[in-house]
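The values are calculated or read from the model by the stated rules, or taken from the named source; none is laboratory data. Owing to the predicted nature of the structure, the values given are computational and were not obtained by experimental measurement. Counting neighbours? That spans all protein chains shown, and the Cβs are built from the backbone with ideal geometry, glycine included. The accessibility values were calculated without ligands, DNA or RNA, using every heavy atom of the protein model including side chains. Shrake-Rupley method; radii C 1.70, N 1.55, O 1.52, S 1.80 Å.
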Amino acid sequence: MARSKKYFNPFKPSAGAEPPRIIGRDQVVLDFVGALEGGVGAPARLMRVTGPRGSGKTVLLTDLGSRAQDIGWNVVNITAGINMLDDLIYELSPDSSIDSLSVAGNAAIASGEAVMKVKHPNLRALMKRCCGKSKGLVITIDEVQDAPIEAMQLIAGSVQHLIREKKDISLVFAGLPMGVMDLINGKALTFLRRAQSEELDFISLIEVRLSFRDGFAASGLVLRDEQLEMMARATAGYAYLIQLIGYYVWRFADLHRASSMEVSDEDVRLGIENAMTRFHEVVHEPAISRVTKGAMEYLVAMAQEGERASTADVAKRMGREPKATSSFRRSLIQREVIQSPVRGYVEFSVPFLREYVLENAEELLDRY
């Protein structure tokens with residue numbers, strides 16, 4: 001008896017996992033690949049990618065790196081943190097023995113000169129060597145808002161020098177919007193302000209529907225138009241939710257593949273329900289964890305006011321003067337939980353966070 005073909009779930013909701021097809025980012029990819037092939041000085045060789053949690057920044061970095069490798073570039077991927085320089089040097093030269101790398105003094109990045117105390121091997125020398133081993137060197141840095149300023153000064157200074165020397169090098173860094181802006185506006189990082197800005201917006205629901213249709217069809221499962229519409233709307237065009245909803249609906253439909261290849265309404269309902277539960281756990285909860293009691297009260301009052309709330313109305317609902325709530329608002333904006341689209345108003349930065357706060361307001365406040 002012939003064994004039935006085994007299908008694998010085409011949706012990848014793990015953090016940073018690269019799905020078979022990335023949607024809604026075609027122009028960014030075209031700009032980047034075009035810059036690599038366009039020679040030294042092409043603007044998109046220096047790129048900053050920003051977006052809220054779960055908007056697909058890590059996935060996009062992975063995709064850009066893969067495309068660079070496909071056309072012959074050497075690619076080094078690191079995540080910002082206290083050990084990022086050691087990680088970068090190891091990736092550039094795995095055989096090097098590094099005890100530590102220290103940076104001292106002031107880096108005058110704008111002038112292209114830096115005064116630093118660095119243990120051997122020299123970072124710029126390693127970068128230059130890697131540039132010469134292939135068509136060029138691409139460095140991607142994820143979660144850049146967590147980067148130590150000294151490390152970014154050293155990396156930015158080295159990249160700038162190599163560009164001046166007409167070496168084929170590219171730097172792409174990604175992070176939360178406010179964190180990235182705080183970084184590039186920091187001391188001696190003027191050079192990074194020139195990076196081409198790519199803000200990851202919500203993905204068109206038309207593209208989402210097409211992605212769901214193609215992903216299910218490739219494994220023999222059939223979705224009706226109304227089911228596609230329901231699933232697409234549930235994502236709100238949010239990259240991580242697209243993967244989550246696709247993953248869970250596909251998993252439920254795959255259970256009855258032997259008896260029916262048609263996705264049922266129950267598959268869709270359960271899939272969306274499970275996806276939202278997971279979304280709360282991995283996006284909403286980390287976003288609001290460790291906020292102060294006053295900040296949580298501010299979130300609850302905001303949620304009760306509506307999608308976009310007047311700061312004066314939020315303060316009134318809390319029973320406080322507006323000035324007394326400004327510290328709560330400021331801390332939530334800094335954590336990228338909320339944003340202020342226009343003066344005097346606030347709104348949630350993450351899709352469905354308002355609904356989550358409203359549904360769980362009592363439990364959230366009881367934590368304190």
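See the values below:
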quantity	calculated
Three-way shape call for the stretch 235-331 based on the alpha-carbon gyration tensor, with the a/c threshold at 1.5	prolate
Reach of K6 by Cα under 15 Å, taken over aspartates and glutamates that are not fewer than 8 positions away in the same chain	D254
Gaussian network model of the chain, springs between alpha carbon atoms under 10 Å - residue of S204, S289, S331 with greatest fluctuation	S289
Among I242, I288, I141: highest mean-square fluctuation, GNM of the chain, C-alpha pairs under 10 Å	I288
Probe 1.4 Å, accessible area per residue of the chain, Å²	49
Cα-based reach from K57 at 12 Å (exclusive), listing aspartates and glutamates while leaving out same-chain residues under 8 positions away	E18, D142, E143, E198, E199, D201
Debye-sum result for the stretch 290-367 in log10 I(q)/I(0), which assumes one identical scatterer on each alpha carbon, at q = 0.14 Å⁻¹	-0.37
CD proxy at 222 nm, helix term only [per DSSP H run n ≥ 4: -39500 (n - 2.57); per residue of the chain; nearest 500]	-14500 deg cm²/dmol
Over the stretch 205-287 - Rg/Rh using Cα atoms and the Kirkwood inverse-distance radius	0.97
The stretch 290-367 - charge dipole about Cα centre, Lys and Arg +1 at Cβ, Asp and Glu -1, debye rounded to 20	480
